[in-house]
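Written below as structure tokens is the structure these notes are about.
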Amino acid sequence: MSTDPIGRTALVTGASRGIGAEVARQLAEMGFLVIVNYREKRVRADKVVDEIERSGGRAVALGADLSDEMSVTALVSGITDTFGQLDLLVLNASGGLELDAAPGYAMKLNRDSQLRLTELVRPILRVGGRIVFVTSHQSHFFGQQPVPKDYEPIARSKRAGEDALRALIPQLNEQGVDLTVVSGDMIDGTIIVRLLERRDPDAVSSRRERGALPTIDEFARVVAEASTAPVEPGQTFYVGGADYLATGAVDL
Ligand SMILES: NC(=O)c1ccc[n+]([C@@H]2O[C@H](COP(=O)([O-])OP(=O)(O)OC[C@H]3O[C@@H](n4cnc5c(N)ncnc54)[C@H](OP(=O)(O)O)[C@@H]3O)[C@@H](O)[C@H]2O)c1
């Protein structure tokens, strides 16, 4: 916990909508100054900042395409110049389902870009700081459970991203920084689930048959908990998907 006038500072990637936006709101309620990262939807990110400020919180919107080295380097330089240090990095941004995504884009964004951002941010993470990797059960349990065909490149690349980040745990712990992972079932109300519902309705309806899907608010609450609660190194937080957890395949 920092004692300087800025207080605790968090960078949430992909916070212009969906889960990231709700995580930003909840962290701001907990007293973090939140850097709301977006790729291109500046107006949406500004709206999230506006909502946070009107509720008495502190936030700024900073754009950067995490898959672009120059863009992400400029983001971290800007944060270093303005805030000096960070307490929390929430690796929420993800992609690959876009219709115009180039071959290999999912691996570039969901593994390589997560690692690069982590390495760039490490020097400014305070002792006691934390990195939270946000993922889906379909990715976390990749290789053990079937995945809809369209989602396979994303699941494979997010699992690869998780493995690469977990390999850093000894170095991070030495630096006094924790890494946690939050894995969720399909989350109701997200654009991804709406897209999947259009492209592969059976994949979504078969999940719904197993019970109500977790909401964005419920998922974001667990991300906020994984950001602040005392944890074991590399601890995984699970949201929904009792059938996945029943396989016994936890903390892979
Ligand atoms: N949706 C689900 O059902 C579900 C379930 C479990 C886990 N999750 C995980 O939760 C996280 C968020 O999911 P979501 O459904 O809320 O995502 P989403 O609605 O698709 O939002 C993606 C966010 O990431 C940003 N983004 C995309 N590509 C980027 C890039 N190259 N650089 C920087 N930002 C980029 C977008 O910014 P712009 O708007 O500016 O493009 C947007 O803010 C992901 O890690 C996902 O795997 C989702």
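Observations on the model:
- At most 13 other Cβ within 10 Å, DSSP loop - GluC sites (Glu not before Pro), the range 16-48: GLU40
- With contacts taken as Cα pairs under 8 Å and at least 6 residues apart, the range 103-252 reaches a relative contact order of 29 percent.
- Charge dipole magnitude, Cβ of K and R +1, D and E -1 - the range 42-190, Cα centre, debye nearest 20: 200 debye
- Dipole of the range 164-243, positive end: most advanced residue of MET186, LEU172, ALA220 [Cβ charges, Cα centre]: MET186
- In this rough spin-label picture, where each label sits 7 Å from Cα along the Cβ direction, the GLU98-ARG198 distance is 1.6 nm.
- For the range 144-248, diffusion coefficient by Stokes-Einstein and Kirkwood Rh (Cα), 25 °C, 0.890 mPa s, µm²/s: 160 µm²/s
- GNM remark for the chain: springs join alpha carbons under 10 Å apart, and the peak mean-square fluctuation among ALA226, ALA21, ALA164 falls on ALA164.
- Each Cα pair under 8 Å and six or more residues apart adds its separation to the average, and for the chain the resulting relative contact order is 18 percent.
- Compactness ratio for the chain: Cα radius of gyration over 2.2 N^0.38 Å (N = residue count) comes to 0.95.
- The heavy atoms of LYS41 present about 80 square angstrom of accessible area, all protein chains included, probe 1.4 Å.
- Across all directions, the shadow cast by the convex hull of the range 107-195 built on its C-alpha atoms averages 6.3 square nanometres.
- Taking packing as the residue-averaged number of other Cβ atoms within 10 angstrom, the listed peptides 180-186, 125-131, 11-17, 219-225 run from highest to lowest as 11-17, 180-186, 219-225, 125-131.
- In the context of the full protein assembly, MET30 retains an accessible surface of approximately 80 Å², using a probe radius of 1.4 Å and ignoring ligands and nucleic acids.
- Aspartates and glutamates whose Cα lies under 13 Å from that of LYS47, excluding same-chain neighbours fewer than 8 positions away: GLU22
- Cut-off 13 Å between beta-carbons: net charge of the residues surrounding ILE19, Lys and Arg +1, Asp and Glu -1: -2
- Restricting the GluC sites (Glu not before Pro) of the range 84-172 to loop positions (DSSP other than H, G, I, E, B) with no more than 13 neighbouring Cβ atoms within 10 Å leaves GLU98.
- Note on LYS149: lysines with a C-alpha under 24 Å away, same-chain residues under 8 apart excluded, are LYS108, LYS158.
The values are calculated or read from the model by the stated rules, or taken from the named source; none is laboratory data. Everything quoted here is computed from the prediction, not taken from an experiment. Cβ atoms come from the backbone with ideal geometry, glycine included; neighbour counts cover every protein chain shown. Just the protein is used for accessible areas: all its heavy atoms, side chains included, with ligands, DNA and RNA removed. Shrake-Rupley method; radii C 1.70, N 1.55, O 1.52, S 1.80 Å.
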